[in-house]
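Peer 1: Dumping the structure here so I can ask a few things about it.
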Amino acid sequence: MEKELYLDYAATTPVRKEVLKEMLPYFEKSFGNPSSAHSKGMEGLKAIEEARKRVAKILNCDPKEIIFTSGGTESVNLAIKGFAFANKDKGNVIITQKTEHSAVLNTCKWLESQGFKVIYLDVDEFGLVDLEKLEKAITNQTILVSIMYANNEIGTIQPIEEIAKICKTRGVAFHTDACQAAGYLDLDVQKLGVDMLTLNGSKIYGPKGVGLLFVKSGIALTPLIHGGGQELGFRSGTENVPGIVGLAKALELCCEEKDKEVKRLIKLRDYFVGKVLAEIPEVKLNGHPTKRLPNNINLSFAGIEGEALLTLLNEKGIFVSTGSACSSKSLEESHVLKAIGLPILYSHGSIRISMGRYTKKADLDYVLSVLKESVKKLRGLSPFAKNG
Amino acid sequence: MASFDYTELIKEHFFNPRNFLKNDADGAEFIKNADCYGEVGNPVCGDVMKIWLKIDRENDKIIDCRWQTFGCVAAIAVTSMLSVMLKEGSGMSINSALELTPQKIVEKLGAIPPKKFHCAVLGNEALKSALNNYFRKTRQFDRIIPIGPDLLDEKLKLTHKEVKDWIRNGAKSFEEIEARVGTKIENPETKAKIELLLKNN
């Protein structure tokens with residue numbers, strides 16, 4: 001393999017040098033436990049409280065409203081389960097949508113086994129939730145709405161401010177999973193009007209194993225992890241000090257560079273999508289043409305299968321991801337592509353190309369040429385495909 | 001979701017597939033001269049395999065084959081390897097082909113990730129489907145191996161699964177089903193059942 005071209009930034013990102021540099025002292029030199037009363041402990045405590053302030057400044061909230069966790073999945077679990085348990089006297093219905101990340105969907109599914117009722121809203125062909133349907137679905141039994149900011153597979157951006165307004169009017173709490181949004185979309189929680197917001201480090205050039213949950217003051221949560229009472233009692237366990245410091249730094253950097261990076265990536269995205277649609281027959285862009293993440297390109301090629309395409313690209317050093325998965329009996333289409341009603345011949349042949357800060361136009365030209373060749377090769381073997 | 005725990009041989013067959021049917025004049029010529037044709041799977045479940053065979057009737061053996069597959073890396077490698085096995089030496093005898101199992105195809109490939117075993121099952125079924133087509137054409141009904149447990153026609157040993165797959169792969173009329181069976185369908189009960197499947201699928 002001569003070339004290595006990583007285009008799976010929506011899965012995870014490398015840690016930036018500036019981020020790593022800030023983290024390093026907290027592994028060896030300032031390794032103290034923030035709960036310890038001595039000076040070594042104070043170093044750790046100061047670091048996480050400083051990080052909390054830095055994050056709060058970006059989210060435009062009070063530092064006390066930030067809970068550090070082990071990542072996006074834990075934040076989502078704490079938001080949804082923690083809220084459901086703490087508010088079960090008020091009602092037992094949670095509303096979400098079919099295209100959520102499995103962290104949300106499987107948390108909700110588990111809550112159903114605990115006596116809660118979950119409504120999974122449909123989305124339209126672009127992956128957008130219907131606000132009227134959402135409003136109609138809310139009853140006096142509804143306690144929580146959880147709708148992601150931007151979709152991890154197809155990049156569709158939901159109207160978070162409008163959803164927040166509906167929830168506020170109806171007296172229902174609103175959580176949003178913003179893991180894919182950071183670095184590309186506005187994270188001001190006052191402006192967004194959300195009650196809870198999930199973020200993680202591994203998608204923003206920060207470390208893995210660290211995330212956060214913004215919880216508006218006054219929102220009651222039942223903690224999931226019990227112990228020493230860290231994170232204001234919401235999340236026990238010795239804090240991941242280097243991780244938390246890294247998360248704060250990564251968030252600062254990606255928000256500082258947001259406007260410039262968004263412009264650059266939208267240009268690249270639209271250039272590449274335009275080329276693919278013009279030069280490869282029977283291909284669809286999944287998701288919304290404009291209400292989509294600047295770095296997300298999700299394509300479906302009729303008549304071929306995603307893993308096979310991914311393998312051919314991998315051989316040429318191009319790393320992307322596919323929504324289709326092979327289960328023990330058959331191919332399984334992605335729940336997101338199913339929800340947007342993509343025809344079955346297309347949905348099996350989908351790949352997600354997610355760009356990042358190291359992606360350049362020349363890289364995309366190389367991907368285009370390999371993609372054309374690979375699609376043609378697989379279609380040459382397929383009983384369903386016309387040659388392309 | 002990627003899985004790169006494939007053997008070198010699987011990857012080799014995936015990157016350089018053997019004996020596949022090309023969508024060109026040569027491919028059309030092969031189809032025209034093929035003695036039989038089989039297809040299994042359907043796009044709803046994912047993998048689809050089609051196989052065309054040329055048969056030496058006198059010596060009761062397979063002498064040539066072509067295939068097309070819609071599916072993952074393993075599905076493509078399985079069909080490619082199967083085609084090599086069928087053509088090995090002077091060709092595989094039909095009796096040997098009838099004894100072929102998914103396991104034997106996997107052994108030839110070295111190993112296959114457990115969740116991909118169904119690809120070998122499908123490959124084996126594609127072969128059996130093609131042989132059944134030949135047996136029905138040549139009225140050797142006793143040699144047919146039914147594909148799936150739910151028989152639709154006793155004599156033809158035609159199953160619901162076979163017919164459903166054909167419909168999902170594009171067969172729209174009774175005549176097109178009959179063409180895939182390889183012989184006239186005389187039993188009025190079978191006719192009625194197929195018409196019903198055509199209506200409901």
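Peer 1: With a 1.4 Å probe and all protein chains left in place, how much of the accessible area of chain B comes from carbon and sulfur atoms, in whole percent? Kindly include the intermediate steps, with their values, before the conclusion.
Peer 2: Working: 4480 of 8540 Å².
Carbon with sulfur: 52 percent of the solvent-accessible area.
Peer 1: If you don't mind, there's one more thing I want to ask. May I ask for the Kirkwood hydrodynamic radius of the protein assembly as shown, worked out over all distinct Cα pairs and given in angstroms to one decimal? If you can, show how the numbers build up before the last one.
Peer 2: Working: mean 1/r = 0.0375 Å⁻¹.
Over the protein assembly as shown, the inverse of the mean reciprocal pair distance is 26.6 Å.
Peer 1: Can you give the three extents of the C-alpha atoms in the stretch A:257-318 along their principal axes, from longest to shortest, in whole Å?
Peer 2: Reported extents, whole Å, longest axis first: 37, 24, 18.
Peer 1: Quick one: which bits of the stretch A:344-380 get at least 10 Å² less accessible when the partner protein chains are in, versus the chain alone, with a 1.4 Å probe?
Peer 2: A:Ile344, A:Leu345, A:His348, A:Lys377, A:Leu378, A:Gly380
Peer 1: Over all alpha-carbon pairs in the stretch B:146-201, figure out the percentage whose distance exceeds 16 Å. Present the calculation step by step, with values, prior to reporting the outcome.
Peer 2: Numbers: 466 of 1540 pairs.
So the pairs more than 16 Å apart make up 30 percent of the total in the stretch B:146-201.
Peer 1: Any chance you could tell me what percent of the C-alpha pair distances in the stretch A:1-155 go past 22 Å? Can you show the working numbers first?
Peer 2: Values: 7118 of 11935 pairs.
Within the stretch A:1-155, distances greater than 22 Å cover 60 percent of Cα pairs.
Peer 1: Could you sort the peptides B:81-88, A:33-40, B:39-46 by per-residue average Cβ neighbour count (10 Å cutoff), highest mean leading? Don't skip to the answer; put the middle values down first.
Peer 2: Working: B:81-88: 19.9, A:33-40: 13.0, B:39-46: 22.8.
Per-residue Cβ counts within 10 Å, averaged per peptide and sorted highest first, yield B:39-46, B:81-88, A:33-40.
Peer 1: Consider all pairwise Cα distances in chain B and report the whole-number % of them above 30 Å.
Peer 2: Numbers: 3798 of 20100 pairs.
Considering chain B, 19 percent of its Cα-Cα pairs are separated by more than 30 Å.
Peer 1: Lys/Arg Cβ at +1, Asp/Glu Cβ at -1, dipole of the stretch B:1-142 taken about the Cα centre: which of B:Cys119, B:Leu53, B:Ser129 is farthest positive-ward?
Peer 2: So the residue furthest toward the plus end is B:Ser129.
Peer 1: Which whole-number value in Å² is the accessible area per residue of the protein assembly as shown, probe 1.4 Å?
Peer 2: Working: 24410 Å² over 589 residues.
Normalised by residue count, the accessible surface of the protein assembly as shown is 41 Å².
Peer 1: Whole-Hz Karplus ³J(HN,Hα) for the stretch B:169-181, in order, using 6.51 cos²θ - 1.76 cosθ + 1.60 and θ = phi - 60°, x for Gly and Pro?
Peer 2: Working through the residues one at a time gives 8, x, 5, 10, 10, 4, 5, 5, 5, 4, 4, 6, 5 Hz.
Peer 1: Hey, got the average number of other protein chain Cβ atoms within 10 angstrom for residues in B:13-23?
Peer 2: Numbers: counts 0, 6, 4, 0, 4, 0, 0, 3, 3, 3, 8.
That average works out to 3.
Peer 1: Chain pair B, A: how much accessible area is buried, both chains summed, with a 1.4 Å probe, in Å² to 100? If you can, show how the numbers build up before the last one.
Peer 2: On the way: alone 9780 and 17160 Å², together 24410 Å².
Chains B and A together bury approximately 2500 Å².
Peer 1: Return the aspartates and glutamates within reach of B:Lys115: Cα separation strictly under 14 angstrom, same-chain partners fewer than 8 residues apart disregarded; answer none if there are no such residues.
Peer 2: A:Glu307, A:Glu332, B:Asp5, B:Asp47
Peer 1: Mind listing the phi-derived Karplus ³J(HN,Hα) values for the stretch A:371-384, rounded to whole Hz, using 6.51, -1.76 and 1.60 with θ = phi - 60°, and x for any glycine or proline?
Peer 2: Karplus-based 3J(HN,Hα) across the stretch A:371-384 equals 4, 4, 5, 5, 5, 4, 4, 5, 5, x, 9, 8, x, 9 Hz.
The values are calculated or read from the model by the stated rules, or taken from the named source; none is laboratory data. This is a predicted model, so every value here is computed, not measured. Here Cβ is always computed from backbone atoms with ideal geometry, including for glycine, and neighbour counts include all displayed protein chains. The accessibility values were calculated without ligands, DNA or RNA, using every heavy atom of the protein model including side chains. Shrake-Rupley method; radii C 1.70, N 1.55, O 1.52, S 1.80 Å.
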